[in-house]
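Here you go, one structure.
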Amino acid sequence: MTMLTMGTGISPIFAAPDYPAAARGTVVDNYHGSEVADPYRWLEDATSAATRDFVKAQNALATPWLEALPQRSAIRDRLTRNWNYERVGLPRQKGGRYFFIRNDGMQNQSVLYVAAGLRETPRVLFDPNTASGDATVALARYEPSPDGRIVAYSLSDGGTDWEIWKFRRVDDGRDLTDELRHTKFFDLSWAPDGSGVYYSRYPARQDDPLRGDDQGQPAIYFHTLGTAQSADRLVYRVSDHPTRAPSASVADDGRYLFVSLFDGYRTNGIDVIDLREPGAAPRRLFGDWDARYSVLGSEGDTVYVQTTESAPRGRIMSVDARDPVRAKWRELVPQRELALDEASFVGGRLLVRYVKDAHSIAQIFDRDGKLVVDLSLPGLGTVGGFGGTARDTETFFAYTDFLSPGKVLRLDLRDNSTSVWREPKLAADVSPYVTRQEFYTSRDGTRVPMFITHRRDLMRDGNAPTLLYGYGGFNISLTPTFRPAVLTWLEMGGVYVEANLRGGGEYGDAWHEAGTRTRKQNVFDDFIAAAEYLIREKYTRPAKLAISGRSNGGLLVGATLLQRPELFGAALPAVGVLDMLRYHTASANARQWSSDYGLAENAEDFAALLRYSPVHNTRPGTCYPPTLVTTADRDDRVVPWHSYKFAAALQQAQGCAKPVLLRVETRAGHGAGKPTWMQIEDFADQWAFAAQAIGLELPR
């Protein structure tokens, strides 16, 4: 294998790789009368010798190729330096104690701390860095008991979404014997007296009772501390629908148990159980499945709810838990032009975060919906947090943007004053860079925002190496966030662009739904239009433009590189959803994505899915841009066979010498809990590959 480069500033020419052989099978599926070949179906069997050999051969090609890239070592050094800053999570106060996670900068996993007060010296309560030799056991979640004497914490091993809950005494740091398995995705909720927890549990697999079955439907159980999990009491099970997943939350005053029913990203339901009545049956709080509902908190029988019912950009109302008929709902904070992102009920106040043109706005309302104050924020960034109970007099929130790592602020709800609790310090100088927000027009005339971050002295001559990132799905708003990998890209001399595509939540439900199901092509059109805008405005040109995305963003990159291969100089699809006809077969959780994607079983959805599914739309003989497909062998959210099948298809179709590589990480999952060393190595691969492809040379 050789790699040739031409002179400085000219895009490199790669020698054609000798790709590993990948057998093309004869599987053909019939969808609504259409026959669709699936030659790489065999790669869906992760345990087969053939799949293991395929992965081994792909890594044997990709690993030395990537490690030999001339700038990889320098990029890795820059990433290491930029990762090395203190990161502190939002404090949570229970029983007068404060719990928070912290990373000193280069710790592979963040550590759980406890302090007797905000100004008291914290001590380590749990350090996951000691749990495994390769630092791949991560602290996934934690939940202190109401009195702060015990903390429940869950662990993820090797990147899996599956978690194991344990319980630790705070005073002496010793674990109880209790252990909860077969859980993922959902938090647990303590009983008011701390006697136990409500939690969602999947059924056990028949072939291995120690493992959960993610094709099954979870149910809510109550675990009493000091007892075996097998003795846990069933509290709630969905009996009238096969795909709805329940999760539990106890009201601050212990009066009610709220059961949220999840079934996709567009609508949900909520039931309520009166905990004052032993054996009380669940009652329907919101059951029309006509909008999204989220309980923010409660006072007695008054429940504060965020909803999109009759308000596609969101509103807040109160409901009587005893008599929740629609005619008696009371609107507190009406819908406005901004999209309501998240809200909470703390200290008798409604703390509301809006998204305005893809950046955060924060306001405080009283319990009757009267505006109390607009919170002043440092810039066009992202604010999050504001957790707590109805009785708290303080709360904490964080602010970040592309050039500012997250700082934690304390909000005193007695006088609405704010103060900085923790502010990280970077070794890097961010003053040479600036973020601009610009708007462009998509194919159908839709106005779309994007953030462009670059050196202040950028010459717009069409030659800037540029990385375009997007997501566009599941009502998720892409708002400015600091990432050490992005800072490294800027230091390398690159321009970083984040486009706020339809399918996200930046402008409410209409924006989200415009990028779903049969309208999913709008998301790809928005991304392509972003690239064309950057070229037209002379930020860059196709040979200098790389595209990147993860998960649903990996689908975005896979689809657009196939639709417009001449528009991009490099493509980095990571942990992507890439087989759109069979994505839902992987797990019950994957099937929930059908609210955004649709299902191939539906004829109209099938036609739309087939038109853009990356695995099914490679064209033999086409010259595709240099592409690095990355995934992880333990990803049980977007299973790695998506990437395996796409890489095999793209390698088989590639009509020129530009490389298509598949890099498969071991002992890793979808991304959560990934140790620092592994994140640095991952981005060193991606940035070095993109730099080589688009002719980016690091400044001396």
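The values are calculated or read from the model by the stated rules, or taken from the named source; none is laboratory data. Please read all numbers here as calculations on a predicted model, not as lab measurements. Virtual Cβ from ideal backbone geometry, glycine too; neighbours counted across all protein chains shown. With ligands, DNA and RNA removed, areas are computed over all heavy atoms of the protein, side chains included. Shrake-Rupley method; radii C 1.70, N 1.55, O 1.52, S 1.80 Å.
What's the total number of residues in region 140-162 that are closer than 18 Å to Phe126 by Cα, in contact with a Pro (Cβ under 9 Å, 6 or more places away or on another chain) and not in a strand (DSSP E or B)?
Counting residues in region 140-162 that are closer than 18 Å to Phe126 by Cα, in contact with a Pro (Cβ under 9 Å, 6 or more places away or on another chain) and not in a strand (DSSP E or B) gives 0.
If you scan region 532-563, which residues turn out to be assigned to a helix (DSSP H, G or I), touching a Phe, Trp or Tyr at 6+ places or on another chain (Cβ under 7 Å) and of a type in the set (Gly, Ala, Ser)? Break it down stepwise before answering.
Applying the first criterion (assigned to a helix (DSSP H, G or I)) to region 532-563 yields 532-536, 542-544, 552-563.
With the extra rule that they be touching a Phe, Trp or Tyr at 6+ places or on another chain (Cβ under 7 Å), the set shrinks to 533, 542, 552-553, 556, 558-561, 563.
Answer for region 532-563, where residues must be assigned to a helix (DSSP H, G or I), touching a Phe, Trp or Tyr at 6+ places or on another chain (Cβ under 7 Å) and of a type in the set (Gly, Ala, Ser): Gly553, Gly558, Ala559.
Take region 222-255 and flag every residue that is of a type in the set (Phe, Trp, Tyr) and within 18 Å of Glu143 (Cβ to Cβ). Even if it seems obvious, please write down each step before you answer.
Step one: list which residues in region 222-255 are of a type in the set (Phe, Trp, Tyr), which gives 222, 236.
Correct list: Phe222 only.
Looking at Phe646, Phe606, which is the one that is open to solvent by 10 Å² or more (accessible area, probe 1.4 Å), more than 22 Å from Pro218 (Cα to Cα) and part of a helix (DSSP H, G or I)? Break it down stepwise before answering.
On the way: Phe646 fails: open to solvent by 10 Å² or more (accessible area, probe 1.4 Å).
Going through Phe646, Phe606 in turn, just one is open to solvent by 10 Å² or more (accessible area, probe 1.4 Å), more than 22 Å from Pro218 (Cα to Cα) and part of a helix (DSSP H, G or I): Phe606.
Report yes if some residue within region 236-252 is open to solvent by 60 Å² or more (accessible area, probe 1.4 Å) and among the aliphatic types (A, V, I, L, M); otherwise report no.
no
A further question follows. Restricting attention to region 19-34, does a residue exist that is open to solvent by 60 Å² or more (accessible area, probe 1.4 Å), within 30 Å of Leu403 (Cβ to Cβ) and not in a helix (DSSP H, G or I)?
Initial filter on region 19-34 (open to solvent by 60 Å² or more (accessible area, probe 1.4 Å)): 21, 23-24, 26, 28, 30, 32-33.
Now drop any that are not within 30 Å of Leu403 (Cβ to Cβ), which leaves none.
No - not one qualifying residue is present in region 19-34.
If we scan region 170-178, do we find a residue that is open to solvent by 40 Å² or more (accessible area, probe 1.4 Å), over 29 Å from the mean Cα position of the chain (by Cα) and basic (Lys, Arg)? Even if it seems obvious, please write down each step before you answer.
Going through region 170-178, the residues open to solvent by 40 Å² or more (accessible area, probe 1.4 Å) turn out to be 171-172, 174-177.
The next check asks that each one be over 29 Å from the mean Cα position of the chain (by Cα); those that pass are 171-172, 174-177.
If we keep only those that are basic (Lys, Arg) too, we end up with 174.
Yes, the conditions are met somewhere in region 170-178.
A follow-up question, please. Using the structure shown, decide if Asp368 is in contact (Cβ under 8 Å) with a residue 24 or more places away in the chain, under 26 Å from Arg87 (Cα atoms) and either open to solvent by 30 Å² or more (accessible area, probe 1.4 Å) or over 23 Å from the mean Cα position of the chain (by Cα) (or both). So that I can check it myself, show each step before the final result.
Numbers: in contact (Cβ under 8 Å) with a residue 24 or more places away in the chain: yes; under 26 Å from Arg87 (Cα atoms): no; either open to solvent by 30 Å² or more (accessible area, probe 1.4 Å) or over 23 Å from the mean Cα position of the chain (by Cα) (or both): yes.
No; evaluated as a whole, the condition is false for this residue.
Condition check: crowded, with 22+ Cβ neighbours inside 10 Å, part of a helix (DSSP H, G or I) and either in contact with a Phe, Trp or Tyr (Cβ under 9 Å, 6 or more places away or on another chain) or of a type outside the set (Asp, Glu) (or both). Does Ala668 satisfy that?
Details: crowded, with 22+ Cβ neighbours inside 10 Å: yes; part of a helix (DSSP H, G or I): no; either in contact with a Phe, Trp or Tyr (Cβ under 9 Å, 6 or more places away or on another chain) or of a type outside the set (Asp, Glu) (or both): yes.
No: the conditions fail for Ala668.
Within the group His616, His584, which residue is free of Cβ contacts under 8 Å to residues at least 24 places away in the same chain and open to solvent by 10 Å² or more (accessible area, probe 1.4 Å)?
Values: His616 fails: free of Cβ contacts under 8 Å to residues at least 24 places away in the same chain.
Just a single option satisfies the conditions, and that option is His584.
Pairs, please: C-beta under 7 Å, at least 6 apart or cross-chain, first residue at pLDDT 95 or above and in region 216-241, second of a type in the set (Lys, Arg) and surrounded by 15 or more Cβ atoms within 10 Å (Cβ to Cβ)?
Matching pairs, first to second residue: Pro218/Arg201; Ala219/Arg201; Tyr221/Arg201; Gln229/Arg181; Val238/Arg244.
In region 642-671, which residues are modelled with pLDDT under 95 and under 26 Å from Ala74 (Cα atoms)? Reasoning before the result, please.
Filtering region 642-671 for residues modelled with pLDDT under 95 gives 665-671.
Scanning region 642-671 gives Glu665, Thr666, Arg667, Ala668, Gly671.
Between residues in region 500-515 that are under 11 Å from Asp526 (Cβ atoms) and residues that are open to solvent by 20 Å² or more (accessible area, probe 1.4 Å) and assigned to a helix (DSSP H, G or I), which pairs lie under 6 Å by C-beta distance while being six or more apart or on different chains?
Arg502/Trp511; Arg502/Asn522; Ala514/Asn522; Gly515/Asn522
If you don't mind, another one. Check region 192-204 and report whether any residue there is among the β-branched types (Val, Ile, Thr), over 16 Å from Tyr142 (Cβ atoms) and not in a loop (DSSP other than H, G, I, E, B). Explain how you work it out, then say what you get.
Start the filter on region 192-204 by keeping residues that are among the β-branched types (Val, Ile, Thr), which leaves 197.
Still in the running and over 16 Å from Tyr142 (Cβ atoms): none.
No, region 192-204 has no match at all.
For region 289-331, give me each residue that is open to solvent by 40 Å² or more (accessible area, probe 1.4 Å), under 11 Å from Ile270 (Cβ atoms) and of a type outside the set (A, V, I, L, M). Let's see the steps before the verdict.
From region 289-331, those open to solvent by 40 Å² or more (accessible area, probe 1.4 Å) are 289-290, 292, 294-295, 299, 302, 310, 312-313, 320, 322-323, 325-331; that's our starting set.
If we keep only those that are under 11 Å from Ile270 (Cβ atoms) as well, we get 289, 292, 294-295.
Listed by number, the residues that qualify are Trp289, Arg292, Ser294.
Would you mind listing the strands (runs of 3 or more DSSP E) fully within region 325-407 where at least 3 residues are among the aliphatic types (A, V, I, L, M) and more than 30 Å from Ser145 (Cβ to Cβ)?
On the way: elements: 330-333, 339-346, 349-356, 359-366, 371-374, 382-385, 394-401.
Output list reads 371-374.
While we're here: So Gly279 passes all but one of these: (1) within 28 Å of Asp392 (Cβ to Cβ); (2) more than 29 Å from the chain's Cα centre (by Cα). Which condition number does it fail?
Failing condition for Gly279: (1).
Let me ask you something else. Please return the ranges of strands (runs of 3 or more DSSP E) entirely within region 440-517 where 3 or more residues are over 20 Å from Ser594 (Cα atoms) and open to solvent by 10 Å² or more (accessible area, probe 1.4 Å). Spell out the reasoning first.
Values: elements: 447-455, 466-469, 495-499.
Fully inside region 440-517 and qualifying: 447-455.
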